[in-house]
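Visitor: Structure below; questions to follow.
The values are calculated or read from the model by the stated rules, or taken from the named source; none is laboratory data. All figures in this text were calculated on a predicted structure; none of them were measured in a lab. Heads up, the Cβs are rebuilt from the backbone with ideal geometry, glycines too, and the neighbour counts pull from every protein chain shown. Just the protein is used for accessible areas: all its heavy atoms, side chains included, with ligands, DNA and RNA removed. Shrake-Rupley method; radii C 1.70, N 1.55, O 1.52, S 1.80 Å.
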Amino acid sequence: MGGKTSKPKTHKTLVSGSRNMLTFLIVFFLLNLLMNAHCVLDITSRDRPNIVMIMSDAFDGRLTFQPGNKVVQLPYINYMRQLGSLFLNSYTNSPICCPSRAAMWSGQFVHLTQSWNNYKCLDPNATTWMEILGKSGYHSHSMGKQDYTSGHHSLSNRVEAWTRNVPFLLTQEGRPVTDLVGDASTKRVMVKDWNTTDAAVQWIQNTASSLTEPFALYLGLNLPHPYQTESLGPTAGGSTFRTSPYWLTKASSLTLHRFLFKVSYNQVSVPKWLRFEDMHPVDYYSTFTKNCSGPFTEEEIRRIRAFYYAMCAEADSMLGEVLGALRDGGLLNRTVIIFTSDHGDLAMEHRQFYKMSMFEGSSHVPLLMMGPGVKPGKEISVPVSLVDIYPTVLVHDHSAELRPSWIFSEYHGCNANASTYMLRIHEWKYITYADGMSVHPQLFNLSEDESELRNVASRFPEVCQELDKLLRSIVDYPSVSQNVQNYNKQQFLQWRRSLGDSYTHVIANLRWH
């Protein structure tokens, strides 16, 4: 998160820093730092590299570097760290599945594409960087979870988003629980992801190895997203953290030829929680709707977190299968590999699980790159976000767009009762809501408060004013909030009219607890 500072940056320092960083080109930022100042992703070049992206779901990016990487062994992520470059401050542009992926594929912030929630995202014919690569001579192939177009996810999820600012609380998610399956030999817990990974390996072996043109492969995983809690019915959300003893047992050895993927249970922390009366009102709403307002024992919290880390380890093993297939096929040295996630998971930090929050556990995602020309062992601290992947993959000359020193994220879906906007710059994280006046903002100094437990907005009003001014230069967020509210109202009324006399019965049997 950057080094410790004796005092916060002043109003003038923030302005100066922003202007100075605006002089950097995206190509020099992402490629000069990573790739020895030459465009290895030049789509007009004769020696164009292959591109492989592995995108997980709900992977906390802080687990890819210290101290987060001490709690769980992620050998293949560590392998990418050693041979490639790691972004220490990479963020989602919206901490929920579909809008986040819409931003990654389109290279646009979600308010520009009106990707408001898990149902309303990109049109099916929207242009993505994979499509552009295909038109530029790449053999492109996507498999696994993609989830960036409109029309998906459950009715309950939509209604929860449309009714998020009603003046009463309803618990929407199942209480987070753990589920231990199999035994110490049960490696393949998330069978669906393993089947997709096997198919990707076969594609690399049977198709990619025989191509004469470069290829671009996308593999989308569901892990470590919590599993659907089946006992709560077909409309239940994902509140079950499931793993096997294979992934939980502490590692006894770790060698070059044999990786053991284990959780160090004694390193699993129990995060500190604020009292209910000290919570920000939007955070309290999220805690309640996520069914986390009841009592939890320390052992219960530690177990949920340990199971989540084990699920991350299983996802890392799938990354290893892809790396192994590329290596065995002689393609590893000719392929740029990107590993990332759509968002993280709070895993009981801030008395919440899931995403839908701007806290680090939810918004901080992994981003690692390795391949031809990528500097090995490089760690980059400048903030980046998923929209940066689009120009990085497609950059072909030195006249790319300017890369600012900030990142921007927004959220408009369920489990938060106001549209939320986050600006991350230097040591600051500024979070504001709705119209910027009806809900008070939050300001965290991440160099001094990594746990984000001390909202210092009232102590540094000048910083808030300057950051809010910068944010408004990026997006007219009060207008966006109003547009979202209008959309939610219109969609809800349209749905209600479509039900006729059955409305009362249908809405009463959604997943309210």
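Visitor: Give, as a single signed number, the net charge of other residues whose beta carbon lies under 11 Å from the beta carbon of Gly344, with Lys and Arg counted +1 and Asp and Glu -1.
Guide: -4
Visitor: Please work out how much length the chain gains when fully extended from Glu230 to Ser479, using 0.36 nm per residue of separation minus the C-alpha to C-alpha distance, in nm with one decimal.
Guide: Stretched out fully, the Glu230 to Ser479 stretch lengthens by 85.7 nm.
Visitor: Sticking with this structure for a sec: How large is Rg over Rh for segment 309-468, taking Rg from the Cα atoms and Rh as the Kirkwood inverse mean of 1/r across Cα pairs?
Guide: Checking Rg against Rh, the ratio lands at 1.02.
Visitor: Give the aspartates and glutamates reachable from Lys192 as a straight Cα distance under 13 Å; neighbours fewer than 8 places away on the same chain don't count.
Guide: Glu314
Visitor: Kindly identify the chain as rounded, prolate or oblate by the Cα gyration tensor criterion: order the square roots of the eigenvalues as a ≥ b ≥ c, call it rounded if a/c is under 1.5, otherwise compare a/b with b/c, prolate if a/b is larger, else oblate.
Guide: In terms of gyration-tensor shape, rounded.
Visitor: To continue, here is another question. Given labels modelled 7 Å from the Cα in the Cβ direction, how far is it in nm from Lys489 to Glu450?
Guide: Taking the simple label geometry, Lys489 and Glu450 are separated by 4.5 nm.
Visitor: Which entries of Lys145/Lys469; Lys120/Lys429; Lys120/Lys262; Lys355/Lys378 have Cα-Cα distances beyond 30 Å here?
Guide: Lys145/Lys469; Lys120/Lys262
Visitor: So what's the back-of-envelope 222 nm ellipticity for the chain, counting only DSSP H runs of four-plus at -39500 (n - 2.57) apiece and dividing by all residues, rounded to 500?
Guide: -9500 deg cm²/dmol
Visitor: Please report the antiparallel percentage of the DSSP beta bridges confined to segment 47-508, to the nearest 5.
Guide: Here the antiparallel bridges make up roughly 45 percent for segment 47-508.
Visitor: What accessible area per residue, rounded to a whole number of Å², is obtained for segment 47-508 using a probe radius of 1.4 Å?
Guide: Here the residues of segment 47-508 average 38 Å² of exposed surface.
Visitor: On to the next question. Tally Lys and Arg at +1 and Asp and Glu at -1 over the other residues with C-beta under 10 Å from the C-beta of Lys429: what net charge comes out?
Guide: With Lys, Arg at +1 and Asp, Glu at -1, the neighbours total -3.
Visitor: Using a simple spin-label model with points 7 Å from Cα along the Cα→Cβ vector, what separation in nm is obtained for Glu277 and Leu499?
Guide: Between Glu277 and Leu499, the label points sit 3.8 nm apart.
Visitor: Hey, another quick one. Ignoring any ligand, DNA or RNA, what whole percent of the accessible area of the chain comes from carbon and sulfur when the probe is 1.4 angstrom?
Guide: Heavy-atom surface of the chain belonging to carbon and sulfur, 1.4 Å probe: 51 percent.
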